[in-house]
């Protein structure tokens, strides 16, 4: 092979390689070109801004508005985005099964294909101009039809679904969302009937009832209402004639539901059920002419009374935000304060509090629910035992909540309560006084001592004295006997970790010498524990007597001397 021929082949290879690379990265791949060659329309539906579906008796015109589609003719309404997208996708990817070329059609009339006067047409407006698809007759086998792109000479054999798309009904393309909005964007809502209006406003991200009274709203119920409203779907389109309003009892609707996003509002009118279908109700947007039906069951949720939407929580607070608790019952006062180390009793004594018990108390208070809204205005507080409350609970933290606990009702099944600063009187299904701590012992820390077992250097129990020296226990007295060091260690560990089961009466001075006595020395302080015969236990570190589990008492009173062989 001479050098000239070799050079020619090299240049040819470079050119071919370059074309392949360009085709892959810049142009249309061969595979894509083959697929596109089968497509009837060479369009990108993302570029379509307007399209029309025309048949003999009706033309439907649609236009893209931002991310949505609107029907402009024969009526101006919102289109169903999914229905429009599906239609456009079918048009973009519709494939021909055969093409009759211009040469094959020479001398042939288009009348035989139904394309001289098409049965239907589809016009698409793209950035590069309009594209019109003419739809003719079915093929003799009835499983396909003839179509032609206006301005082109060839005729394509296409799927019959294109005719279905071109002739689909207006109702198929219409949005079936009864009222379109985003629940999270709503700032105000009104539910109106013939005799009342309930108005709610979102204030500081929380829903509040502002009419006919000002009260906290149930956040979950309002969210549920808004979610249900946004999800209402049209069942049937009934009429576009505003004169039919009276015929469907929408001139005096059973309910009007208005939602506001800022100052802009939308109102949905809800009427009665059709005489032949109790499962639906007539409805319409106040600002539009369309009358339609929606499912009756979701519509019933708007037949609400004011109390149905009220927050049944008597105290609106988060337990984690509470910094102090005060409970006053007559002359008795119980107070707790939370700091970085946890909860502490500050009255009637200063002591560490039991974290779990305080958490249970706060959870119980947060869980108080109104069984009944007894009165919206307090005119006779003495009637409910609230002129002189049996108890008053004050919580401070992110805000201040004060609960007044009154008397029980005549049936003794409901307790009357009221929050200071509110006029409302609630009835709660419990004797709240029994839930409140009877004394501070129920909230006091259960830990008896506050030191570690390894800090104990001396133990006196049952006339036996032992001491720890260089980490080992030795028997001090009696001078005879064998010390069971494992038993000593068990007593020491149990002593340091003591947790009271419950607290009893105030400790008296004689308690220190009653029953079985155990003394433990930590540093220069001797701590003592006295186990009385009646089961009450006293300790140097506790101002109240208490009880311990029987198994713990058995451990503490076990002999630390080894049994004689």
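The values are calculated or read from the model by the stated rules, or taken from the named source; none is laboratory data. Every value quoted in this text rests on a predicted model; they were computed, and no experiment measured them. With ideal geometry, Cβ positions are generated from the backbone for all residues, glycine too; neighbour counts draw on all protein chains shown.
Where in the range 210-273 are there strands (runs of 3 or more DSSP E), lying fully within it, with 1 or more residues that are under 12 Å from residue 302 (Cβ atoms) and within 27 Å of the chain's Cα centre (by Cα)?
Per the criteria, 255-261, 264-270.
Suppose the filter is in a loop (DSSP other than H, G, I, E, B) and either assigned by TED's automatic domain parsing to the domain that holds residue 151 or under 13 Å from residue 51 (Cβ atoms) (or both); does residue 115 pass it?
Yes: the conditions hold for residue 115.
Of the residues in the range 456-478, how many are touching a helix residue (DSSP H, G or I) at 6+ places or on another chain (Cβ under 8 Å) and in contact (Cβ under 8 Å) with a residue 40 or more places away in the chain?
Of the residues in the range 456-478, 4 are touching a helix residue (DSSP H, G or I) at 6+ places or on another chain (Cβ under 8 Å) and in contact (Cβ under 8 Å) with a residue 40 or more places away in the chain.
I'd like to check which strands (runs of 3 or more DSSP E) are fully inside the range 494-558 and have at least 3 residues that are under 50 Å from the mean Cα position of the chain (by Cα).
502-506, 544-547
Can you give me the number of residues within the range 486-512 that are loosely packed, with under 12 Cβ neighbours inside 10 Å and more than 13 Å from residue 542 (Cβ to Cβ)?
Of the residues in the range 486-512, 3 are loosely packed, with under 12 Cβ neighbours inside 10 Å and more than 13 Å from residue 542 (Cβ to Cβ).
Can you work out which of the residues in the range 268-278 that are at pLDDT 95 or above and more than 8 Å from residue 250 (Cβ to Cβ) is surrounded by the fewest Cβ atoms within 10 Å (Cβ to Cβ)?
Restricting to residues being at pLDDT 95 or above and more than 8 Å from residue 250 (Cβ to Cβ), the top hit is 268.
Residues checked against (1) surrounded by 14 or more Cβ atoms within 10 Å (Cβ to Cβ); (2) closer than 30 Å to residue 77 by Cβ; (3) modelled with pLDDT under 95:
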| site | (1), (2), (3) |
| --- | --- |
| 109 | no, no, yes |
| 127 | no, yes, yes |
| 133 | yes, yes, no |
| 193 | yes, yes, yes |
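When you scan the range 351-363, do you find a residue that is assigned to a strand (DSSP E or B) and on the phi > 0 side of the Ramachandran plot, even just one?
No.
Output yes when any residue across the range 123-135 is closer than 20 Å to residue 53 by Cβ and not in a strand (DSSP E or B), and no when none is.
No, the conditions are met nowhere in the range 123-135.
Here's the yes/no breakdown for (1) exposed (fewer than 13 other Cβ atoms within 10 Å of the Cβ); (2) modelled with pLDDT under 95; (3) touching a helix residue (DSSP H, G or I) at 6+ places or on another chain (Cβ under 9 Å):
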{"position": "28", "(1), (2), (3)": "yes, yes, yes"}
{"position": "32", "(1), (2), (3)": "yes, yes, no"}
{"position": "38", "(1), (2), (3)": "no, yes, no"}
{"position": "41", "(1), (2), (3)": "no, yes, yes"}
{"position": "52", "(1), (2), (3)": "no, no, no"}
{"position": "59", "(1), (2), (3)": "no, no, no"}
{"position": "65", "(1), (2), (3)": "yes, yes, no"}
{"position": "68", "(1), (2), (3)": "no, yes, yes"}
{"position": "100", "(1), (2), (3)": "no, yes, yes"}
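Name the strands (runs of 3 or more DSSP E) wholly inside the range 40-79 in which the number of residues that are in contact with a strand residue (DSSP E or B) (Cβ under 9 Å, 6 or more places away or on another chain) and free of Cβ contacts under 8 Å to residues at least 60 places away in the same chain is 3 or more.
It comes to 58-65, 68-73.
If we scan the range 156-168, do we find a residue that is over 20 Å from residue 61 (Cα atoms), surrounded by fewer than 17 Cβ atoms within 10 Å (Cβ to Cβ) and in contact (Cβ under 8 Å) with a residue 12 or more places away in the chain?
The initial filter retains those residues of the range 156-168 that are over 20 Å from residue 61 (Cα atoms), namely 156-160.
Cutting the leftovers down to surrounded by fewer than 17 Cβ atoms within 10 Å (Cβ to Cβ) gives us 160.
Okay, now just the ones that are also in contact (Cβ under 8 Å) with a residue 12 or more places away in the chain, so 160.
Yes: the range 156-168 contains one or more residues that are over 20 Å from residue 61 (Cα atoms), surrounded by fewer than 17 Cβ atoms within 10 Å (Cβ to Cβ) and in contact (Cβ under 8 Å) with a residue 12 or more places away in the chain.
What about residue 199, is it assigned to a strand (DSSP E or B), modelled with pLDDT of 95 or more and over 30 Å from residue 169 (Cβ atoms)?
When the stated conditions are applied, residue 199 passes them.
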